[in-house]
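Shown below is the structure under consideration.
We did not get these values from a lab; they are worked out from the coordinates using the rules stated. Just so it is clear, the structure is predicted and the values come from calculations on it, not from any experiment. So basically every Cβ, Gly included, is an ideal-geometry build from the backbone, and we count neighbours across all protein chains shown.
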Amino acid sequence: MKQFLRRWRTPLLTGVGIWVLSFPLLTSHPTITPRAVAAAAHVPDKTEVGDLQLLRELGAARMPIPTSEAVPVAAAAAATARPLVATAPVRAAAPVRPAAPVAIGANRIVIPRLGVNLAVGWYGDCLGRAVVPHYGAWRWSCAGANNTYIMAHNPGTFTPILGLHAGDIVKYGDPSGRLHTYRVSSTTIVSNTQMWPLGATSGATLTLQTCWTWDGTRDFIVRAVEI
């Protein structure tokens, strides 16, 4: 027995000593807190989660909107915007009044389409030697029966009649004040030696004459019949 005790005394004492020394470690337990558990599990607590959420919101506010998202946003803003339009009060259009008819007195010729409105004087030289006045229109008293013959200068007051065409209307107030209305039937150019424009006609006719050439050797003749 003594030999047994001597043989195992040292290992027993060593084991008991180790157990005594480690007893506090086996019986003590560290305090566990939520932050310690979160740190051990690498999971942030509520405070850190709030901080992370704040950082994310700040980062999102600073980040530019992607182009694909910015276009719909801009389109939606443009669609909802209301342009400012200046509106004026609507006024009823004034009724259109027909132009008052031109009063044509005695010794006057009017060509409505050309805007011609001239006083007509009397030219009494049947030989045609007297100078025709430059202004106004003049009726030749020596024309044949039924032929009202009126002449004037070109360039001058009768230049517009070069634009007359068949169908145009010409109005003439005779010396008594009676109004005659004529419709143009033809226009022609003649030599000043031809006398037929001055001759008599079978019906009421108006003949207009003006120069066609600068030297007066050719004339522009308008023939119109009364309607």
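Using r as the Cβ-Cβ distance of THR217 and ALA103, and R0 as 25 Å, what FRET efficiency do you calculate, to the nearest 0.05? The partial results should precede the final answer.
Values: r = 39 Å, r/R0 = 1.55.
Computed FRET efficiency for THR217 and ALA103: 0.05.
Okay, moving on. Taking 0.36 nm per residue of sequence separation and subtracting the Cα-Cα distance, how much length would be gained by fully extending the chain between ASN192 and ASP174, in nm to one decimal?
Working: separation 18, 0.36 × 18 = 6.48 nm, distance 2.61 nm.
Between ASN192 and ASP174, full extension yields an extra 3.9 nm.
In percent, what relative contact order does region 108-227 have, based on Cα pairs under 8 Å that are 6 or more apart in sequence?
Once divided by the residue count of region 108-227, the mean separation gives 25 percent.
Still on this structure, I have one more. Take ARG183 and SER141, extend 7 Å from each Cα along the Cα→Cβ direction, and tell me the distance between the two endpoints in nm.
My value for the distance between the label points is 3.4 nm.
Same structure, new question: Please give the length that would be gained between LEU127 and ALA200 if that part of the chain were fully extended, namely 0.36 nm times their separation in residues minus their C-alpha to C-alpha distance (nm, one decimal). Please list the in-between numbers first.
On the way: separation 73, 0.36 × 73 = 26.28 nm, distance 1.69 nm.
Stretched out fully, the LEU127 to ALA200 stretch lengthens by 24.6 nm.
Tell me, what ³J(HN,Hα) does each residue in region 115-122 have, in order and in whole Hz, if you take phi through Karplus 6.51 cos²θ - 1.76 cosθ + 1.60 with θ = phi - 60° and put x for Gly and Pro?
Using θ = phi - 60°, the values come out as x, 8, 8, 10, 6, 10, x, 10 Hz.
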